[in-house]
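Undergrad: Take a look at this one; I'll ask things after.
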Amino acid sequence: MITLFGPPEPTLIERLKESVSKTRSQLAETVETLLAVERRIDPALLAELETALLSADLGPRTTREILAAVKEKVDRQALTDGAQLKAELKAQLTAILQGPAGSNGRQAAEAGNEPRVTFIVGVNGTGKTTTIGKLANRLRAEGRSVMLCAADTFRAAAIEQLAIWAERNGVQMIRQKSGADPAAVVYDALAAAKARGTDVVLVDTAGRLHTKSNLMQELEKMKRTAAKLIPGAPHDILLVMDATTGQNGLNQAREFTGHVGVTGIVLTKLDGTAKGGIVVAIARELGLPIRFVGVGEKIDDLVPFEAKAFVESLFE
């Protein structure tokens, strides 16, 4: 029989489960093994649990805090068996991930009738330009008009790469020649977006190491330029992080946050790592909400992050 409809679209939790399969085998299967037998919750079990959490890249600080909360409940006999311990772990992880949600006021701020401006920042190789293309696709699907701003003028290939994404999404793009002043490109893009009544402007910035003070100052100049044209802009500064870098990415993220006021994280390549626990470490140690996660290579493989769905995907 020929059907007119393809298979149903996978749910968010199904997509997350697929993307964190490597982490699940590292963390959840270890936890299940620890708790499958009727073991007493004793120091030896907690030590093995600590190893499992560290292996998934939750980080020493976050792991210590989770285990301290677990041990406190064990000591007063509020946790007595494996099922309760698993439920407590899930609750702890969910609470950490939900904590930063909406913590930055600029996330909730509306741009009024002006275009909403989002800067995409990060080091080279994290997938910033690809993330912009995927984000543009999501916004278009929601019925919003989008303009891309090619403010990465250091790398000629970046402008061409962004142009491909603009064409693919059927959206406008403002560009200048390679080597132009990035702040000037931002000015042109925002002026054009205001004139054309565009809903959202996504600004591609050059990949920069947090140690390069001149490039960080340039980013500050771009922010000032945006604010002159549109009060309150940029409304969001999303830091794109590569999940496969694990704890190494945290120092970079701290510096970016300190220098340019990051409002949220986009975590790419989550499907390529067994250390998906970095999601928890980011939320706990940076105090920033994770807005989106990349779960594959296709244009629609960027999904909004949901704490409960992520934790369930780790343990189911």
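The values are calculated or read from the model by the stated rules, or taken from the named source; none is laboratory data. The structure presented is a predicted model; accordingly, all values stated were derived computationally and were not measured. Cβ: placed from backbone, ideal geometry, glycine included. Neighbour counts: every protein chain shown.
Undergrad: Suppose the filter is under 28 Å from G296 (Cα atoms) and either at pLDDT below 85 or small (G, A, S) (or both); does E14 pass it?
TA: In short, yes.
Undergrad: Hey, among the residues in region 185-200 that are small (G, A, S) and surrounded by 15 or more Cβ atoms within 10 Å (Cβ to Cβ), which one's nearest to E218 (Cα to Cα)?
TA: A189
Undergrad: Starting from residues that are touching an Asp or Glu at 6+ places or on another chain (Cβ under 8 Å) and among the hydroxyl-bearing types (S, T, Y), keep the ones in region 220-272 and report whichever is farthest from I120 (Cα to Cα).
TA: T268
Undergrad: Okay, next question. Here's a check for you: in region 242-257, which residue that is assigned to a helix (DSSP H, G or I) and small (G, A, S) is nearest to E220 (Cα to Cα)?
TA: A253
Undergrad: Using beta carbons and a limit of 8 Å, which pairs, at least six apart or on different chains, have the first residue in region 69-87 and surrounded by 15 or more Cβ atoms within 10 Å (Cβ to Cβ) and the second one in a helix (DSSP H, G or I) and basic (K, R)?
TA: Here the result reads L79/K73, each pair linking region 69-87 to a residue that is in a helix (DSSP H, G or I) and basic (K, R).
Undergrad: Tally up the residues in region 162-210 that are of a type in the set (S, T, Y) and without any contact (Cβ under 8 Å) to a residue 60 or more places away in the chain, please.
TA: Within region 162-210, residues that are of a type in the set (S, T, Y) and without any contact (Cβ under 8 Å) to a residue 60 or more places away in the chain number 2.
Undergrad: OK, next. Would you point out the residue of region 258-316, among those that are in contact with a Pro (Cβ under 7 Å, 6 or more places away or on another chain) and assigned to a loop (DSSP other than H, G, I, E, B), that is surrounded by the fewest Cβ atoms within 10 Å (Cβ to Cβ)?
TA: G287
Undergrad: Those residues that are in contact with a helix residue (DSSP H, G or I) (Cβ under 7 Å, 6 or more places away or on another chain) and among the small types (G, A, S), I need them from region 109-162; list them, please.
TA: G122, G133, A136, A150, A151, A158
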